[in-house]
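Below is one structure, written out as structure tokens; the observations come after it.
The values are calculated or read from the model by the stated rules, or taken from the named source; none is laboratory data. Not measured: the values here are computed from a predicted model. For neighbour counting, all protein chains shown are included, and Cβ atoms are generated from backbone atoms with ideal geometry for every residue, glycine included. Areas reflect the complete protein model, heavy atoms only, side chains present, ligands, DNA and RNA absent. Shrake-Rupley method; radii C 1.70, N 1.55, O 1.52, S 1.80 Å.
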Amino acid sequence: MHTATTLSEPTPVGTLVEARALDRSLMRGVAWTAAGKWSSQALSWASWLIVARLLTPEDYGLVGMAAISLGLVTLLSEFGLGTAVLAVRELSVGQINQLHGLAVLLGLGCWLASCVLALPLGRLFHAPQLPLVVVVMSTTFVITSFKTVPLALLQRDMRFKALALIDLTQALVLAIAMIALAVAGLRYWTLVCGAVLGATFSTAAVLRLRHPGFAWPQPHALKPAVTLSSNVLISRLCWYTYSNADFLIAGRILGKSALGFYTVGWTLANVAVDKITALIGQVTPAFFSAVQTDAAAMRRYLLRVTEGIALVTFPVSVGVALVARDLVLVVLGPKWEGTIAPLQVLAAYAAVRSITPLLPQVLHALRDTKFEMWNMVAAAVVMPLTFYVSGQRWGTVGLAFAWVLVDPVFNLRLYRRVFSKIHLSTSAYLGALWPALSAVGLMAAGVLAVKGLGSATWSAGLRLAAEVGAGAISYGLACCVLHRGRLVAFYQLVVAARRGSGGDL
């Protein structure tokens, strides 16, 4: 199966020069976002390790109690307005100002709601310090509400370099501040003040680059944008419901040990995939929005980004599934053997989860948010029921297989909708996946061959090293031999992005 002709589909986005410029912007956006995110993540991890040594588990536990309620309110506070600003590109200055005012009003409302919940939460957890912690941490809703619309405007303008520098600077300031607060003996207030300081810094930096005015929201003027954002909000709430239902059911039905095995398995299976999809997800909505009226360009970018993600995430996900037993025994030890079975299933399915988040982004750009909303509502009903039945009968493996057997039903509905909207054929999409699929197949053969040849006398560590080495070599060789043309095309695009000229996939 060949993909070069599929991905070389002509795009009528202005001119070929404009298409190439957009290609370069995409690559630069991903590069800057990756550099900013990974650098800031490294700083965050380093400061976390230092702060964790200075604080106590009780300090983290208290802030964790506050995060239980704040996590859900955070979903409500943004209300999907950022997505609306990206998708509804014909918004006037007055409408943008009204959305800015609406965002701030929603932030104030969420802060007030959290203040009302603070005392009941304190009584629920028998923690008298908790109400004040909740009230202070909830101020971040008000602070970040001022950057919701400006941040979306910066993303729409593709100013990813500036946003990456903001993330990196914020991480540096926050790391220094939190270490200083922990050394000063502020205990759990170190974490609380860190959250507020981080929100304040990032909001101030964004407002310095883009600061729309304020206007009182007029419902008739904002109806298209608010309708879209409310659909997105409901979708996110439904996602939050069913994506956490398996953990809730594991804890209620299977007990603490089973929940621990499942949680660790989920983390190992998805940590790399989630990082990559989150990174891409910060950049791609702006590009889908930029070509929302051009189906050919939409097809082109969906195929191109899907191919790139698959080339990275498929070998990682399938590789973890193949070496799960030795990975768990070497990294975690024999006491975590109960993690192996769910990890094998979840890691294999993580490959699918890595490419499906692009589908809602396309529908958002096309303003077809109602379909996604009802699809997620159905998932929020069916998936928890499936988790309950499968978890009760087959334990943690049943929970993992619920993802594999039922979640694809809802993904297939998204695929059909997206393909029909942008006139994309199934064969073209499979063609974009073919380089990763074929190379992963050969990689799996290499790993299984090492498993078969590996002596029972080998240690788990030696076996793991041999399996990882065989997988990496076989995958690399497969890509270079079978799909050298695609790798060269991607390399040329990266070079063009750095030089600011030429290169088109």
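Computed quantities for the displayed model
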{"quantity": "Qualifying positions in segment 344-360 - under 12 Å from the mean Cα position of the chain (by Cα), of a type outside the set (Ser, Thr, Tyr) and in a helix (DSSP H, G or I)", "calculated": "353, 355, 358"}
{"quantity": "Selection from segment 342-372 of residues that are farther than 17 Å from residue 285 by Cα and surrounded by fewer than 20 Cβ atoms within 10 Å (Cβ to Cβ)", "calculated": "348, 352, 353, 370, 371"}
{"quantity": "Among (1) modelled with pLDDT of 85 or more; (2) surrounded by fewer than 22 Cβ atoms within 10 Å (Cβ to Cβ); (3) closer than 18 Å to residue 345 by Cβ - the single one residue 318 does not satisfy", "calculated": "(2)"}
{"quantity": "Some residue of segment 278-292 being more than 15 Å from the chain's Cα centre (by Cα) and without any contact (Cβ under 8 Å) to a residue 12 or more places away in the chain", "calculated": "no"}
{"quantity": "Within segment 205-258, tally of residues that are under 30 Å from residue 386 (Cα atoms), touching a Leu at 6+ places or on another chain (Cβ under 8 Å) and open to solvent by less than 20 Å² (accessible area, probe 1.4 Å)", "calculated": "4"}
{"quantity": "Given (1) under 15 Å from residue 229 (Cβ atoms); (2) open to solvent by less than 40 Å² (accessible area, probe 1.4 Å); (3) at pLDDT 85 or above; (4) under 26 Å from the mean Cα position of the chain (by Cα), index of the condition residue 96 fails", "calculated": "(4)"}
{"quantity": "Members of segment 272-304 that are in a helix (DSSP H, G or I), of a type outside the set (A, V, I, L, M, F, W, C) and open to solvent by 40 Å² or more (accessible area, probe 1.4 Å)", "calculated": "274, 275"}
{"quantity": "Pairs, first open to solvent by less than 10 Å² (accessible area, probe 1.4 Å) in segment 150-166, second among the β-branched types (Val, Ile, Thr) and modelled with pLDDT of 90 or more, C-beta under 7 Å, six or more apart", "calculated": "150/206; 154/206"}
{"quantity": "Residue list for segment 61-70, restricted to those being of a type in the set (Gly, Ala, Ser), at pLDDT 70 or above and closer than 17 Å to residue 142 by Cα", "calculated": "66, 67"}
{"quantity": "Test: residue 108 is of a type in the set (A, V, I, L, M, F, W, C) and without any contact (Cβ under 8 Å) to a residue 60 or more places away in the chain", "calculated": "yes"}
{"quantity": "Only listed residue being on the phi < 0 side of the Ramachandran plot, in contact with a helix residue (DSSP H, G or I) (Cβ under 8 Å, 6 or more places away or on another chain) and touching a residue at least 60 places away in the same chain (Cβ under 8 Å), chosen from 51, 142, 135, 93", "calculated": "51"}
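Table: residues versus (1) part of a helix (DSSP H, G or I); (2) closer than 26 Å to residue 443 by Cα; (3) among the aliphatic types (A, V, I, L, M).
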position: 261; (1), (2), (3): yes, no, no
position: 264; (1), (2), (3): yes, yes, yes
position: 267; (1), (2), (3): yes, yes, no
position: 270; (1), (2), (3): yes, yes, no
position: 325; (1), (2), (3): yes, yes, no
position: 339; (1), (2), (3): yes, yes, no
position: 342; (1), (2), (3): yes, yes, no
position: 377; (1), (2), (3): yes, no, yes
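Rundown of residues vs (1) open to solvent by 20 Å² or more (accessible area, probe 1.4 Å); (2) more than 25 Å from the chain's Cα centre (by Cα), yes/no style:
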position: 74; (1), (2): yes, no
position: 105; (1), (2): yes, yes
position: 109; (1), (2): yes, yes
position: 127; (1), (2): no, yes
